[in-house]
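The values are calculated or read from the model by the stated rules, or taken from the named source; none is laboratory data. A quick note: this is a predicted structure, and the numbers were derived from the prediction, not measured. Cβ sites come from the backbone with ideal geometry, for glycine too, and all protein chains shown count toward neighbours. In case anyone asks, the SASA skips ligands and DNA or RNA and just uses the protein heavy atoms, side chains included. Shrake-Rupley method; radii C 1.70, N 1.55, O 1.52, S 1.80 Å.
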Amino acid sequence: MKRVAILQTGVNNSELPAHYPDYPSMFRSLIGKAQANPLIELISFPVLEGPFFPDIKRFDGFIITGSASGVYENKQWMKKLFSFIRVVHNERKKLAGFCFGHQAIALALGGEVVKSKKGWGAGIKKHCIYNSKEWMRPQLDNLQLIYMHQDQVVKLPSSAVLLSGDDFCPFSAFTIDDHIMSMQGHPEFSRKFVKDLIKLRAENIGYERTNTALDTLSDPHDGAVVGEWIVNFFCST
């Protein structure tokens, strides 16, 4: 069984209903449903609360969650996270990042992240898949996921291969060799959770874009498929 550490970099908005699971629990549910038999043991570390980083040698891989924070905020725990990412990369350990995690990996390894002038990307969106990896099974021609972000990767690390994107978010997923998968989308989010989150942020998102985003939530999305990809990724050699 593979041991994977979840690096929790964010918490649920305090104005959301208390019954929603936290970020690590969302990933436990996603990955649990993607396994016919238990293949991955998940242990979470709340790295945003202090220097609670796992021992790299004791784990086969790592997941970096989403966060309301921006990677450019220069907080002390973020500096430690970026250093951790670089060590994991240098040792070729498996690393997956989603939303904030996606941006943190890009920035730590030489890419660039900004608060986009395009505004918020929210709701279910379909992105074209440009390249495919062995762990991306079942295969898709397009990737349709829940998105909830204002920050964007605008420059990839030099060694990265672009996996997916669209006109609004050109660099929505990338990979480096066989040890890094990185995605702007949220395969772990439920429709109900993101619906409440969009409504809560409606003033910042803009009411027209909010209504458009809410309308998309009846569309199908590939979160469960990405759950399978995550299992394939961490279990592949």
(request) Output the number of residues of the range 130-145 satisfying the condition of being open to solvent by less than 60 Å² (accessible area, probe 1.4 Å) and either among the small types (Gly, Ala, Ser) or modelled with pLDDT under 95 (or both). (result) 0
(request) Check off (1) of a type in the set (A, V, I, L, M, F, W, C); (2) touching a residue at least 40 places away in the same chain (Cβ under 8 Å); (3) under 30 Å from residue 39 (Cα atoms) for residue 161 and give me the number that stays unchecked. (result) (2)
(message) I'm checking my understanding of the structure. Among residues of the range 7-48 that are free of Cβ contacts under 8 Å to residues at least 12 places away in the same chain and in contact with a Pro (Cβ under 9 Å, 6 or more places away or on another chain), which one is nearest to residue 189 (Cα to Cα)?
(response) 12
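Results for (1) β-branched (Val, Ile, Thr); (2) open to solvent by less than 20 Å² (accessible area, probe 1.4 Å); (3) closer than 28 Å to residue 207 by Cβ; (4) out of contact with any Asp or Glu (no Cβ under 6 Å at 6 or more places or on another chain), shown as yes or no for each residue.
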site: 104; (1), (2), (3), (4): no, yes, no, yes
site: 107; (1), (2), (3), (4): no, no, no, yes
site: 111; (1), (2), (3), (4): no, yes, no, yes
site: 115; (1), (2), (3), (4): no, no, yes, no
site: 121; (1), (2), (3), (4): no, yes, yes, yes
site: 128; (1), (2), (3), (4): no, no, no, yes
site: 149; (1), (2), (3), (4): no, yes, yes, yes
site: 163; (1), (2), (3), (4): no, yes, no, yes
site: 169; (1), (2), (3), (4): no, yes, yes, yes
(message) Can you list residue pairs whose Cβ atoms sit under 9 Å apart, with the first residue in the range 111-126 being under 18 Å from residue 69 (Cα atoms) and acidic (Asp, Glu) and the second being open to solvent by 20 Å² or more (accessible area, probe 1.4 Å) and at pLDDT 95 or above? Count only pairs 6 or more apart in sequence or on different chains.
(response) 112/154; 112/155; 112/156
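Take the residues of the range 196-217 that are small (Gly, Ala, Ser) and touching a residue at least 24 places away in the same chain (Cβ under 8 Å): which is surrounded by the most Cβ atoms within 10 Å (Cβ to Cβ)?
Step one: of the range 196-217, the residues small (Gly, Ala, Ser) are 202, 206, 213.
Okay, now just the ones that are also touching a residue at least 24 places away in the same chain (Cβ under 8 Å), so 206, 213.
Working: 206: 15, 213: 26.
Across the range 196-217, the extreme among qualifying residues is 213.
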(message) Please determine whether any residue of the range 133-149 is in a loop (DSSP other than H, G, I, E, B), of a type outside the set (A, V, I, L, M, F, W, C) and in contact with a Pro (Cβ under 9 Å, 6 or more places away or on another chain).
(response) no
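Going through the range 49-76 one residue at a time, which ones are without any contact (Cβ under 8 Å) to a residue 40 or more places away in the chain and surrounded by 12 or more Cβ atoms within 10 Å (Cβ to Cβ)? Break it down stepwise before answering.
Filtering the range 49-76 down to residues without any contact (Cβ under 8 Å) to a residue 40 or more places away in the chain leaves 49-52, 55-57, 73-76.
The answer is 52, 56, 75.
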(message) Tell me yes or no: at least one residue of the range 186-195 is buried (at least 20 other Cβ atoms within 10 Å of the Cβ) and touching a Cys at 6+ places or on another chain (Cβ under 8 Å).
(response) yes
